[in-house]
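Following: one structure in structure tokens, then a few remarks.
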Amino acid sequence: ERPLLTVVDEWESLLRGAARARLEQVLPGYLAPRRWFAGKARRIRGASIQELLPVSLPSGHAYLCFLQVTYDEGAPETYLLPLAFAAGERAATLARLEATAVVARVRAGAAQEEGVLYDAVFEPAFASALLDAMWRRRRLKGTRGEVAGAMARTYGALWQETGDGAGPAAPGRAGLRPSLLKGEQSNSNVVYGDGLMLKLFRKLEPGVNPDLEVGRFLNRRGFPHTPAVVGYLEYRPQRGESMTVGVLKAYVPNEGDAWQYTLDSLGHAFEHALSWHAEVEQQPLNTRTLLELTQQQRPPAAEEMIGTYLESARLLGCRTAELHLLLAAASDDPAFAPEPFSALYQRSLYQSMRNLSGRAFQLLDRRQGAGPEAARAEAARVLELRGEVLRRFRLVVGRTISALRTRTHGDYHLGQILYTGKDFQVIDFEGEPARPLSERRLKRSPLSDVAGMLRSFHYAAYSALLDREARGLVRPEDAAALEPWARFWYRWVAATFLRAYLVRAAERGFLPGSTEELHTLLDAHLLEKAVYELGYELNNRPAWVVIPIRGILQLVQG
């Protein structure tokens, strides 16, 4: 239970009055464990409230608070933390059922009633107020700027009108009752009934968020495999560049994301794999690259073990290519017009890969003992291969690459794909949250997305295996026998996806013109993804670091 923060005349004084300093003292402790807080690897120096924008609720106000978080090293960051106050039974319910929402306990008012200061995204009335602000195109006035809302009028048919015909009905009256999506998220997502979904960005940066920008572009081009952008919330400061606060999209009925769908498929595959152990060892997988496997006929064991998921991988390869074909189409918008590879860009790409690997290998060297014991010998082998990794990266410079750079998804993996039961929908175009927004809007080779999905297949295969070990579903000796099958599953699923992608993407010449160039660029992006994952897991999930370690070993030694 959180300690009592202070006693105040009214809870709003925590945001504006002398008591505000008390609140700012407890904010770092609240922020640090949040899934959406990106500064976990740095030591927080302080958190201060920079902007307050009131949001009217039936019972009072909530506030959109912009926090500036400073660190002992590096640049400060801005985060969105909506705040509201609850007392009585509502406070008790929040403390009991939504403990992560509670920022602090407070006594407020003449009666000094005890309540809680909490994250307002857990408040349905707050979510409804944001939807109303977008529908009515309201402006929420703050101390240094305003948040403006906008929404496509064509979506008015999703709800009943209020008595004056001016906007959406009260929550629940028209099937738009808001509910917060739970689970690990780098942002906060609110679903309104079965019609709309609002993504609130927690880390805010100047400029338009790619999720809004790319989503609008694809909607204009008629891409049917992504949810339509319906509206947005934008912060407009009195000075400086605007920031995207939230994006409202049409909700797509689905059976979950492709990550869970893939794990379910792997569970069925592993149930049968042990009886085929002798068969898989006869497949000469490590002597062929993924590109070479795309030209090979799949063995019967792959058809039998992987089953219908091979068709899913093929379909996902086609959908990925169709996405890239639209993003590579000629455009009058400079933000989307394709550009050729240049010697300057290739040097910049290599330098970026080199810097990334330098940081990741330095971190691995310091934390070799942080991961599972079984991974320590493999970690030592990866450290010995850092020179070879750099050599692979260096191949992207000093040669002509006849390909185009385009806008891409930017953080493409199975968790960014919804499975509808028959097809796939691509979501979340904001790019890797750890990268600056300006970097996420850069044009890259579409093969960076392809590499992301291929690495995601690898992650799925090995995380399913680790999960079975952790839960005691397989004996240690059986787990060792399943590892070649995990690699076997990954290789043929990846090859199936890649083959379908390359065939479909060949309609427009944005990929490298020769097999050698294609192999060089794909190999570099695969290694870049694996090295990025290495640093991420060391900082966030040490128990999973074995997955990128094995990925790097297989890419370099295979």
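The values are calculated or read from the model by the stated rules, or taken from the named source; none is laboratory data. Keep in mind the model is a prediction, meaning the values are calculated, not measured. Cβ placement follows ideal geometry from the backbone for every residue including glycine, while neighbour counts extend to all protein chains displayed. Note: areas computed on protein heavy atoms with side chains; ligands, DNA, RNA excluded. Shrake-Rupley method; radii C 1.70, N 1.55, O 1.52, S 1.80 Å.
So here's what we get for this one:
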{"item": "Test result for Arg354, closer than 22 Å to Ala434 by Cβ, assigned to a helix (DSSP H, G or I) and of a type in the set (D, E, K, R)", "result": "yes"}
{"item": "Matching option when the condition is open to solvent by 30 Å² or more (accessible area, probe 1.4 Å), at pLDDT below 90 and either in contact with a Gly (Cβ under 8 Å, 6 or more places away or on another chain) or of a type in the set (Asp, Glu) (or both), among Glu373, Glu292", "result": "Glu373"}
{"item": "Residue within the stretch 541-548 that is touching an Asp or Glu at 6+ places or on another chain (Cβ under 6 Å) and buried (at least 21 other Cβ atoms within 10 Å of the Cβ) present", "result": "yes"}
{"item": "Strands (runs of 3 or more DSSP E) completely within the stretch 53-156 that count 1 or more residues being farther than 22 Å from Thr6 by Cβ", "result": "60-71, 77-87, 139-141, 145-151"}
{"item": "Boolean, Ala101 is within 29 Å of Lys249 (Cβ to Cβ), open to solvent by less than 10 Å² (accessible area, probe 1.4 Å) and free of Cβ contacts under 8 Å to residues at least 24 places away in the same chain", "result": "yes"}
{"item": "Only listed residue being in a helix (DSSP H, G or I) and at pLDDT below 90, chosen from Ala301, Ala321", "result": "Ala301"}
{"item": "Any hit, the stretch 336-351, residues being surrounded by 15 or more Cβ atoms within 10 Å (Cβ to Cβ), assigned to a helix (DSSP H, G or I), modelled with pLDDT of 95 or more and of a type in the set (D, E, K, R)", "result": "no"}
{"item": "The stretch 490-517 residues that are of a type in the set (S, T, N, Q), paired with ones that are at pLDDT 95 or above and open to solvent by 40 Å² or more (accessible area, probe 1.4 Å) (beta carbon under 8 Å, 6 or more apart)", "result": "Thr496/Arg314"}
{"item": "Of all residues in the stretch 433-454 being open to solvent by 10 Å² or more (accessible area, probe 1.4 Å) and not in a helix (DSSP H, G or I), the one that is modelled with the lowest pLDDT", "result": "Ala434"}
{"item": "Subset of the stretch 479-521 [open to solvent by 10 Å² or more (accessible area, probe 1.4 Å), over 30 Å from Phe341 (Cα atoms) and modelled with pLDDT of 85 or more]", "result": "Glu483, Pro484, Arg487, Tyr490"}
{"item": "Failed item in (1) at pLDDT 95 or above; (2) open to solvent by less than 40 Å² (accessible area, probe 1.4 Å); (3) in a helix (DSSP H, G or I), with Tyr261 passing the rest", "result": "(2)"}
{"item": "Whichever residue in the stretch 108-134 is in contact with a Leu (Cβ under 9 Å, 6 or more places away or on another chain) and modelled with pLDDT under 90 and, among such residues, is most open to solvent (accessible area, probe 1.4 Å)", "result": "Glu114"}
{"item": "Every pair of residues 6+ apart whose Cβ atoms lie under 8 Å, when the first sits in the stretch 189-208 and is without any contact (Cβ under 8 Å) to a residue 40 or more places away in the chain while the second is in a strand (DSSP E or B) and not hydroxyl-bearing (Ser, Thr, Tyr)", "result": "Asn189/Leu180; Asn189/Met197; Asn189/Leu198; Asn189/Lys199; Asn189/Leu200"}
{"item": "Residue satisfying condition, being farther than 27 Å from Lys443 by Cβ and at pLDDT below 95, within set Glu311, Glu279", "result": "Glu279"}
{"item": "Residue check for Glu241: farther than 18 Å from Leu323 by Cβ, in a loop (DSSP other than H, G, I, E, B) and in contact with a strand residue (DSSP E or B) (Cβ under 9 Å, 6 or more places away or on another chain)", "result": "yes"}
{"item": "Condition met for Glu537 (out of contact with any Lys or Arg (no Cβ under 7 Å at 6 or more places or on another chain) and either at pLDDT 95 or above or within 23 Å of Leu498 (Cβ to Cβ) (or both))", "result": "no"}
{"item": "Thr320, sole failed condition from (1) in contact with a strand residue (DSSP E or B) (Cβ under 9 Å, 6 or more places away or on another chain); (2) surrounded by fewer than 12 Cβ atoms within 10 Å (Cβ to Cβ)", "result": "(2)"}
{"item": "Check on Leu176, within 29 Å of Asp257 (Cα to Cα), modelled with pLDDT of 90 or more and of a type in the set (A, V, I, L, M)", "result": "no"}
{"item": "From the options Thr93, Thr143, Thr78, Thr70, residue that is over 28 Å from the mean Cα position of the chain (by Cα), surrounded by fewer than 22 Cβ atoms within 10 Å (Cβ to Cβ), closer than 18 Å to Ile49 by Cα and not small (Gly, Ala, Ser)", "result": "Thr143"}
{"item": "Residue within the stretch 324-333 that is modelled with pLDDT under 95, open to solvent by 40 Å² or more (accessible area, probe 1.4 Å) and of a type outside the set (Gly, Ala, Ser) present", "result": "yes"}
{"item": "Looking only at the stretch 31-57, and only at residues there that are out of contact with any helix residue (DSSP H, G or I) (no Cβ under 6 Å at 6 or more places or on another chain) and within 19 Å of Ser128 (Cβ to Cβ), the one that is most open to solvent (accessible area, probe 1.4 Å)", "result": "Ser56"}
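Each row is one residue, and each column tells you yes or no for (1) surrounded by fewer than 16 Cβ atoms within 10 Å (Cβ to Cβ); (2) at pLDDT below 95; (3) in a helix (DSSP H, G or I).
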residue	(1), (2), (3)
Val389	no, no, yes
Gly398	yes, yes, no
Ile401	no, yes, no
Arg405	no, no, no
Gly431	no, yes, no
Ser456	no, no, yes
Ala460	no, no, yes
Gly472	yes, yes, no
Glu477	yes, yes, yes
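Residue by residue, here is whether (1) in contact with a helix residue (DSSP H, G or I) (Cβ under 9 Å, 6 or more places away or on another chain); (2) of a type in the set (S, T, N, Q) holds:
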| site | (1), (2) |
| --- | --- |
| Thr496 | yes, yes |
| Glu517 | no, no |
| Asp523 | yes, no |
| Lys529 | yes, no |
| Arg541 | no, no |
| Pro548 | yes, no |
